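These notes concern the structure reproduced below.
None of the figures in this text is laboratory data; all of them are computed from the coordinates on show. Model, not experiment: these values are computed from the prediction. For neighbour counting, all protein chains shown are included, and Cβ atoms are generated from backbone atoms with ideal geometry for every residue, glycine included.
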Amino acid sequence: MSTLVSLVLHSESCAATVEKMLHVVVLDMRNKVDRIVSTGYVDMPSAFPANATPLNMDDPRMRDIVTIGLTQQGVDPGDDATLVGRVYQDGGYLHVAAWVDTTPDD
């Protein structure tokens, strides 16, 4: 059984206003090749596994995975949208969750 961490405590976004997220499951085929196993535009979970780390959209690999997932789902967050999320390993697969940051700018 995996340990879960509250989304509210570990997300840069306001969980109360976020309802949907992109979920991409990736298999690392080695030699810098990824295979996207599934993509979905799903309800936001109340928690992520304890080993989840923040999504780094500055990482070209993560940016490509999220962009392909959004394209496959027909979701366009807009050019000015800031995407945040969580990334974690489970059962040999990389799970990438992304959603639009709704935190007000200060």
Around residue 51: net Lys/Arg minus Asp/Glu count, Cβ-Cβ under 14 Å
0
Sorted by chain and then number, the residues having a modelled amide H within less than 5 Å of the amide H of residue 44, at least 5 places away or on another chain, are 20, 21
Calculate one ³J(HN,Hα) per residue across the range 53-58 by plugging θ = phi - 60° into the Karplus curve 6.51 cos²θ - 1.76 cosθ + 1.60, and present them in order as whole Hz with x for glycine and proline.
10, x, 5, 9, 6, 7
With label points built 7 Å along Cα→Cβ from the Cα atoms of residue 34 and residue 50, find their separation and express it in nm.
2.6
